[in-house]
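The values are calculated or read from the model by the stated rules, or taken from the named source; none is laboratory data. In this text, all values refer to a predicted model and were calculated from it rather than measured experimentally. We place every Cβ from the backbone using ideal geometry, glycine too, and count neighbours over all the protein chains shown.
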Amino acid sequence: MPSPLLLILVLPFVGSLAVVLFPGASREPATWITGVTMLACLVVTGALYPDVSGGDAVRVQIDWIPSLGLDFTLRMDGFAWIFAMLVSGIGLLVVIYARYYMSAEDPVRRFYMFFLAFTGSMLGVILSGNLILLVVFWELTSIFSFLLIGYWHHTQPARDGARMAMTITGMGGLALLGGVLIVGHIVGSYDLDDVLRSGDLIRSHQLYVPALVLILLGALTKSAQFPFHFWLPNAMAAPTPVSAFLHSATMVKAGVFLMARLWPVLSGTPEWFMILGIAGMASFVLGAYLAMFQHDLKGLLAYSTISHLGLITLLLSLGSPLAAVAAIFHMLNHATFKASLFMAAGIIDHETGTRDLRRLSGLFRYMPITGTLAMVASAAMAGVPLLNGFISKEMFFAEAVETHADSWLDTAAPYAAVLGSALAVAYSLRLIHSIFLGEPPESLPREPHEPPFWMRFPVMFLVIACLVVGMIPALTIGSFLHVAVSSVLGAATPQYSLAVWHGFNLPMAMSVLALAAGALLYLGIGNYLERSERPPLLGRIQGQRIFERVMVAISWRAAPLVEDIFGTRRLQPQMRLLVAAAVAAGTVPLLASGLSFGAFGNGTTDLAFTGLWCVGMICAVAAAYQAKFHRLAALALLGGTGLVTCVTFVWLSAPDLAATQLVVEIVTTVLILLGLRWLPKRLQDVPEPSGWLPRLRRFRDLTIAVVAGLGMTAVSYAVMTRTPPDTISKFFVEKAYSEGGGRNVVNVILVDFRGFDTLGEITVLGIVALTVFALLRRFRPAPDNIERPEQQRIQWSFDEAEPEVEAGATKAEYLYLPSVIMQWMFPVVIVLAAYLFLRGHDAPGGGFVAGVAMAAGFILQYMAAGTVWVEDRLRILPVVWIGGGLLLAAFTGAASMLLGDAFLTSYFRYVELPLVGKVPMASATLFDLGVFSLVVGATVLMLIAIAHQSVRRLRAAARLEEERRRWN
């Protein structure tokens with residue numbers, strides 16, 4: 001039985017995959033899958049409450065790289081539990097709401113796929129028990145929020161908002177990674193429990209300030225706090241269900257969650273107080289001020305989110321346990337009223353066709369239920385008594401008047417608290433008055449009316465929660481809040497009261513003052529707010545404009561400068577930089593650790609083997625010499641070097657490497673040959689440059705090449721002459737069968753002992769294939785740089801009935817017999833690929849060599865029959881092969897984690913099959929099948945990208961000829 005924590009984390013990702021793979025384009029199955037997934041997460045999380053209510057933490061730890069302190073550790077305490085409940089519960093309500101909000105024309109399956117993956121990423125942040133794992137999920141939230149914000153990518157605001165959010169939060173994620181690495185260095189571990197026990201050690205360390213600054217940069221950018229607040233309003237281009245989820249329980253809450261999680265470790269210092277205090281106070285007041293002047297309803301709510309998150313940040317900066325209690329409580333309250341307000345805003349937009357506050361008025365007579373719900377939620381946002389927002393804001397006022405540090409910031413806190421709260425009342429009143437009160441609306445795009453009940457149900461549920469918590473907080477949220485607070489503060493948990501009435505004291509007076517001042521402010525400037533185009537004083541200082549100018553400066557000034565220094569269209573300078581960087585990277589560790597060689601001349605020398613390598617070196621040198629003008633000859637000579645390498649592997653008893661080298665040599669040579677025709681011609685009679693400078697450049701390149709070659713020779717010789725106790729080969733030979741279940745040591749290393757390396761390599765291979773395909777899609781080929789063979793021209797001259805474009809793309813009659821033989825070879829290649837794959841665990845073969853062999857079969861078909869003929873008859877879908885192979889490889893590793901073992905742990909046994917014999921049944925075979933699938937998909941995708949150039953060029957030529965005939 002898998003751990004409940006693993007189940008909570010895995011369910012959203014599995015649901016995301018199920019939504020994509022589920023047949024049919026109907027929105028109903030996707031909605032049901034998403035809703036059931038969120039409900040399951042909610043139920044499993046709720047069932048864990050007895051385990052965390054006593055102050056304990058539920059942990060699941062799977063070894064990853066223990067020597068580096070990297071483990072896949074999930075940890076749930078009371079704080080993580082209440083946040084997981086928040087994410088799962090509000091996520092379920094958002095799914096119900098989205099069922100009625102999303103249009104029938106929207107690609108709903110894609111929406112739910114991103115939504116579930118985003119949910120899983122946020123749950124990963126909450127449940128991570130290892131700081132490195134937390135950073136991984138942190139970056140995943142940025143990626144999937146980018147996809148959700150840019151969901152309507154056909155619109156410019158969606159693309160701009162997604163790009164801005166990804167840039168800001170991505171930069172913050174890099175800073176967070178740096179801070180986490182420093183903390184891990186200080187503590188000696190990345191385990192969250194070890195870090196939380198090391199607060200005094202971290203705060204007293206000389207690297208505390210750099211770690212603090214980097215971690216807070218990650219948190220402040222994620223929670224859109226000053227001066228990084230400007231990305232959040234631009235994210236309103238996302239669908240409203242995304243906005244409701246992002247603002248209430250995910251993404252922007254990740255920053256304040258992290259600050260609260262690390263509060264026992266990093267707080268209590270002047271640096272913590274000043275950085276968070278300034279950012280929180282500025283965000284609280286500035287966000288509220290800018291919210292008043294927004295004409296877009298979602299824009300108003302976005303700036304109010306910045307303001308309320310600033311309130312939470314300011315509370316966390318104070319370093320007081322009571323302030324931390326208030327911050328955690330307000331996180332929960334803000335989630336309820338902000339999610340309900342965004343969903344109410346979506347209902348208004350959905351039923352009226354606009355979100356412009358200047359066009360909306362008097363909707364209460366058309367939408368009384370929605371209007372009542374929105375008014376109550378707005379009152380909770382403003383901090384009106386008997387609603388949940390009032391209680392946490394009272395706690396905020398109580399802490400603001402306390403003395404926490406002897407600084408101007410502490411002195412200004414009470415005044416900022418009243419000012420920000422008064423502005424919150426003003427923009428809440430504007431929301432209520434502009435939309436629901438006043439004269440009936442005129443010329444709306446749609447006739448306003450109440451939405452379906454189930455679209456309104458999530459808003460009703462959340463508003464009722466605001467009312468119930470506001471009236472009887474101790475009975476409803478009290479025990480859950482205590483569990484969350486005590487898990488963060490531990491022994492420092494203070495005594496606090498959630499009573500609605502504490503008498504008429506200073507915090508109560510501040511609340512009355514804020515409510516009155518906000519109401520008077522709106523009465524005084526309400527008409528001005530409706531007419532204003534930009535906020536006074538700060539209207540011209542916009543973070544978005546600064547960001548765009550910085551991006552333009554980077555794109556038009558900095559990037560061209562770097563390109564002028566390092567960029568070139570010539571291959572030789574690029575290779576020079578690449579090889580020089582590799583030499584430098586290899587030299588540094590050698591200088592630090594040294595290089596020891598074994599005894600020289602102990603081995604025997606074989607004249608035949610020496611002669612073979614002399615042939616290989618001659619081919620390599622000749623290929624380098626011929627590469628400048630005779631590319632075909634250079635490629636043939638380079639193939640000779642590859643064959644020599646292949647024979648060398650056979651000579652040294654490495655048949656696996658020999659088979660792989662052979663098929664890779666064949667496939668890459670054919671692919672390069674197909675691409676040679678598109679390169680520009682090179683002539684032999686190009687004048688040689690004269691002078692000392694070209695000679696100096698040649699000497700420089702020769703020096704770099706010689707140093708790189710001699711360096712690799714030295715390292716290889718040192719490795720091969722080490723004595724056996726210094727190598728790890730003995731371990732692999734001894735453990736391959738007993739622990740990996742296979743007699744083919746090389747294959748067991750690839751799919752078991754070093755399976756994670758192989759997973760990374762195939763991921764890179766898939767990325768390279770997609771990149772090649774994307775680049776060649778925009779490439780428009782020039783005419784061929786070589787003449788067609790005479791036999792081809794003669795054959796086509798007799799075939800007048802066949803258009804040139806179709807002949808060039810689909811037929812090769814001038815090579816009729818070879819083309820027939822190549823087509824007949826396809827079943828043979830399939831059988832060979834299957835044979836290589838099935839025998840790979842015990843004999844030379846495996847997923848990689850089988851995948852390349854299978855790809856060679858497709859290459860033969862393209863060469864024999866042409867692009868159009870093949871793609872009309874074979875549904876290859878290489879992207880599906882790539883994605884399926886990568887997912888199969890990853891899920892094979894994850895399956896072992898569900899059983900409590902390390903990632904990619906292999907399970908094996910041998911089964912006797914009739915007529916076949918003993919067959920290895922190892923889980924590594926599934927991993928190898930993923931490798932096979934990805935290699936086939938990646939190779940064929942690059943083949944298709946190259947093959948389509950011929951079709952494009954010939955079609956372009958046919959269109960040009962048609963145009964000429966038309967004009968003539």
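Considering 411, 336, 370, the condition of being free of Cβ contacts under 8 Å to residues at least 24 places away in the same chain, in the same structural domain as residue 237 (by TED's automatic domain parsing) and out of contact with any strand residue (DSSP E or B) (no Cβ under 7 Å at 6 or more places or on another chain) is satisfied by 411 alone.
The single condition among (1) among the aliphatic types (A, V, I, L, M); (2) crowded, with 18+ Cβ neighbours inside 10 Å; (3) in a helix (DSSP H, G or I); (4) in contact (Cβ under 8 Å) with a residue 40 or more places away in the chain that residue 209 does not meet is (2). Summed over the stretch 364-396, residues that are more than 14 Å from residue 467 (Cβ to Cβ) and either buried (at least 24 other Cβ atoms within 10 Å of the Cβ) or in contact with a His (Cβ under 9 Å, 6 or more places away or on another chain) (or both) total 10.
You will find that of 219, 260, 224, the residue that is out of contact with any Asp or Glu (no Cβ under 7 Å at 6 or more places or on another chain), hydrophobic (A, V, I, L, M, F, W, C), surrounded by 24 or more Cβ atoms within 10 Å (Cβ to Cβ) and assigned to a loop (DSSP other than H, G, I, E, B) is 224 and no other.
Checked against the criterion of being over 20 Å from residue 84 (Cβ atoms), surrounded by 22 or more Cβ atoms within 10 Å (Cβ to Cβ), β-branched (Val, Ile, Thr) and without any contact (Cβ under 8 Å) to a residue 60 or more places away in the chain, the candidates 180, 252 yield just one match: 180.
Test residue 834 against the criterion of being among the small types (Gly, Ala, Ser), assigned by TED's automatic domain parsing to the domain that holds residue 925, without any contact (Cβ under 8 Å) to a residue 24 or more places away in the chain and assigned to a helix (DSSP H, G or I), and give yes or no. Yes: the conditions hold for residue 834. Determine if the stretch 872-884 includes at least one residue that is small (Gly, Ala, Ser) and at pLDDT 80 or above. Yes, the stretch 872-884 contains at least one residue that is small (Gly, Ala, Ser) and at pLDDT 80 or above.
Condition first: outside any helix (DSSP H, G or I) and touching a strand residue (DSSP E or B) at 6+ places or on another chain (Cβ under 8 Å). Can you find one or more residues in the stretch 151-160 that meet it? Within the stretch 151-160, none of the residues are outside any helix (DSSP H, G or I) and touching a strand residue (DSSP E or B) at 6+ places or on another chain (Cβ under 8 Å). Close contacts from the stretch 764-789, counting a first residue that is more than 29 Å from residue 935 (Cβ to Cβ) and outside the structural domain of residue 890 (by TED's automatic domain parsing) and a second that is surrounded by 12 or more Cβ atoms within 10 Å (Cβ to Cβ) and at pLDDT below 55, with Cβ to Cβ under 8 Å and a gap of 6+ residues or different chains, come to none at all.
Annotation note: of 286, 290, 322, the sole residue that is touching a Ser or Thr at 6+ places or on another chain (Cβ under 9 Å), in a helix (DSSP H, G or I) and either surrounded by fewer than 24 Cβ atoms within 10 Å (Cβ to Cβ) or modelled with pLDDT of 95 or more (or both) is 286.
Exactly one residue out of 79, 22, 72 is closer than 30 Å to residue 491 by Cα, at pLDDT below 90 and assigned by TED's automatic domain parsing to the domain that holds residue 353, and it is 72.
Scanning the stretch 405-444 for residues that are surrounded by 22 or more Cβ atoms within 10 Å (Cβ to Cβ) and closer than 17 Å to residue 317 by Cβ yields 413, 417, 420. Checking 444, 475, 462, 481 one by one, the residue that is of a type outside the set (Phe, Trp, Tyr), assigned to a helix (DSSP H, G or I) and over 36 Å from the mean Cα position of the chain (by Cα) is 475 and no other. Of the residues that make up the stretch 679-689, is at least one of a type outside the set (Val, Ile, Thr), at pLDDT below 85, more than 30 Å from residue 776 (Cβ to Cβ) and part of a helix (DSSP H, G or I)? Within the stretch 679-689, not a single residue is of a type outside the set (Val, Ile, Thr), at pLDDT below 85, more than 30 Å from residue 776 (Cβ to Cβ) and part of a helix (DSSP H, G or I). Just one of the listed residues (169, 155) is of a type in the set (Ser, Thr, Tyr), modelled with pLDDT under 95, assigned by TED's automatic domain parsing to the domain that holds residue 134 and surrounded by fewer than 23 Cβ atoms within 10 Å (Cβ to Cβ), and it is 155.
Note on the stretch 693-749: residues that are in contact with a Lys or Arg (Cβ under 9 Å, 6 or more places away or on another chain), under 30 Å from residue 573 (Cα atoms) and polar (S, T, N, Q) total 0.
Of all residues assigned to the stretch 127-136, none qualifies as being assigned by TED's automatic domain parsing to the domain that holds residue 86, part of a helix (DSSP H, G or I) and of a type outside the set (A, V, I, L, M). Taking the stretch 550-591 as the range and being exposed (fewer than 12 other Cβ atoms within 10 Å of the Cβ) and either assigned by TED's automatic domain parsing to the domain that holds residue 234 or modelled with pLDDT of 80 or more (or both) as the test, the residues that pass are 578, 581, 584, 585, 588, 589, 591. On the stretch given as the stretch 373-408, residues that are farther than 22 Å from residue 338 by Cβ and touching a residue at least 60 places away in the same chain (Cβ under 8 Å) total 6. Just wondering, is there one or more residues in the stretch 24-47 that are free of Cβ contacts under 8 Å to residues at least 24 places away in the same chain and under 24 Å from the mean Cα position of the chain (by Cα)? No; the residues of the stretch 24-47 include none that is free of Cβ contacts under 8 Å to residues at least 24 places away in the same chain and under 24 Å from the mean Cα position of the chain (by Cα).
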